[in-house]
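Since the structure comes first, as C-alpha cells, the remarks are kept for the end.
The values are calculated or read from the model by the stated rules, or taken from the named source; none is laboratory data. Just so you know, these numbers come straight off a predicted model, no measurement behind them. Cβ sites come from the backbone with ideal geometry, for glycine too, and all protein chains shown count toward neighbours. Calculation scope for accessible area: heavy atoms of the full protein, side chains included, ligands and nucleic acids excluded. Shrake-Rupley method; radii C 1.70, N 1.55, O 1.52, S 1.80 Å.
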Amino acid sequence: MRFNPKARLDTSRVRDVGGSAGGGGGGGGGMRIPIPGGTKAGGGIGGVLIIILFLVLTQCMNNGGTGGSALPDTSLDGSRMVGTDTGRYADCKTGADANSSPDCARVAVENSLYDYWSDALPAQADVRFQPEAMQTFTGGTSTGCGDATAEVGPFYCPVDATIYLDTTFFEQVLQQQLDGPSGAFVEPYVLAHEYGHHIQNLLGTMGQVRTQQGPNSDAVRLELQADCYAGMWAKNASSTDTADGEPLLLDLSDEDIQQAIAAAKAVGDDRIQQQTTGRVNKEQWTHGSAAARVKWFQTGFSEGTLQACDTFSVPTVE
C-alpha cells in the first residue's frame, strides 16, 4: 500500500485523546469489528476476549431504519468529543508523511474512505453522505454509546457517528491473543469495516436488526455487510481522488488484499470460539464464520456495489 507523496491530508475528522480514565465496562452499543464486546473469557485461554455483540436499538440506531437522517456535526470541535486532543496527528500533512508514519497512514486511510464513500453512497443509493469522525485513545474513553475500554476492540458508535480505536489493539489483541495477521493493510481493513457501519447508519440498515445471534441472524448479516463494504472500498480506493484532484492511495498489492483476507479469517466467530472455548457453537455467532467474512469481503471487492452487498436479501449468508 503506497500513498501519493503529493496528496494533502485532512486531519479535521481525526483526533487522539491519549490515556483516559473513561471506560468502565465495554460501551453501550457500538458496532465493533473483531472483538464486539468487552468480557474476558473465563477459563480456557486466560485473557482472550469472547465475542458478544451488544446492540442498543433504541438509543444507538438513531436513524430508525429510514436512512438519511441528520447525524451530529463531525467538526471535532470538542462539543461531541470527550477529552483533549493530544495533537498526535498534527504533523500529518501529505501522503509522504503517510508513507513514513503509521499514525499518518491512519489519517490517509480515513481520508481515502471519506473520499470514496462521499461519491459512492449518493451515486449508488441516492442518500446524502455525511462524514464520520475517528478518535484514537489508550486504555479507555467516553463515547456517545457509553464508556469503553481497549477490550472492546475498534468500534463504531452510531450516536456520535464516530469510529473509536485503541491503537494497541492490533498487536496486543489481534496478533498476540488471537494469533491474527500482522501487516500494513490489516488496520485499513478494520477501519474500512467500521466505516461500513457508518454507511449502514446513513442508509438506516441498523434499524433492520432484530435477531442478534446465530449464523444467519440479523446481527451477523449486518457485520458481513460491513465486511462487504470494506471490500468495495478496497476495490476502488486506488481510483479515488482527494479534494485537490490528487489520487491518495496509489495502489493496493495482492499482498495487501491477502492481509485483509487473513484478518477476516482471524476474527471469524468459529475461529475465535475454537480458540477461547475449544468448541464451536453457531447459535452464539454474532459476526459470522471465518469463511463467511472472507466471502463477503471478496464479494465487495469483486462486485463493488451496494446491491451486491445486500446480505439481508439472501436466504443464507454462510
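So if R0 is 45 Å, what FRET efficiency would Glu255 and Thr84 give, r being the distance between their Cβ atoms, rounded to the nearest 0.05?
Working: r = 38 Å, r/R0 = 0.85.
That gives a FRET efficiency of 0.75.
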Just the number please: accessible area per residue for region 196-318, 1.4 Å probe, all protein chains included, in Å².
38 Å²
Could you tell me the center-to-center distance, by alpha carbons, between region 87-107 and region 209-229 in angstrom?
33 Å
Under the 0.36 nm per residue contour assumption, what length would be gained going from the current alpha-carbon distance of Thr138 and Glu246 to full extension?
35.6 nm
Just grab the label-to-label distance for Gln124 and Asn99, each label 7 Å out from Cα along the Cβ direction, in nm (one decimal).
3.0 nm
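Take the solvent-accessible surface of the protein heavy atoms, probe 1.4 Å, and return the percent of it on region 184-318 that carbon and sulfur atoms account for. Before the final figure, lay out the partial values.
Numbers: 2210 of 4750 Å².
Summing carbon and sulfur atoms, their accessible area is 47 percent of the total for region 184-318.
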Estimated distance in nm for a label pair at Ala184 and Arg8, the labels positioned 7 Å out from Cα along Cα-to-Cβ
2.5 nm
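Treating only the Cβ atoms of Lys and Arg (+1) and Asp and Glu (-1) as charged, compute the dipole magnitude of region 166-318 about its Cα centre; round to the nearest 20 debye.
Values: 9 positive and 21 negative charges, 150 e Å.
Roughly 720 debye, rounded to the nearest 20.
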Reach of Lys265 by Cα under 23 Å, taken over lysines that are not fewer than 8 positions away in the same chain
Lys40, Lys235, Lys282, Lys295
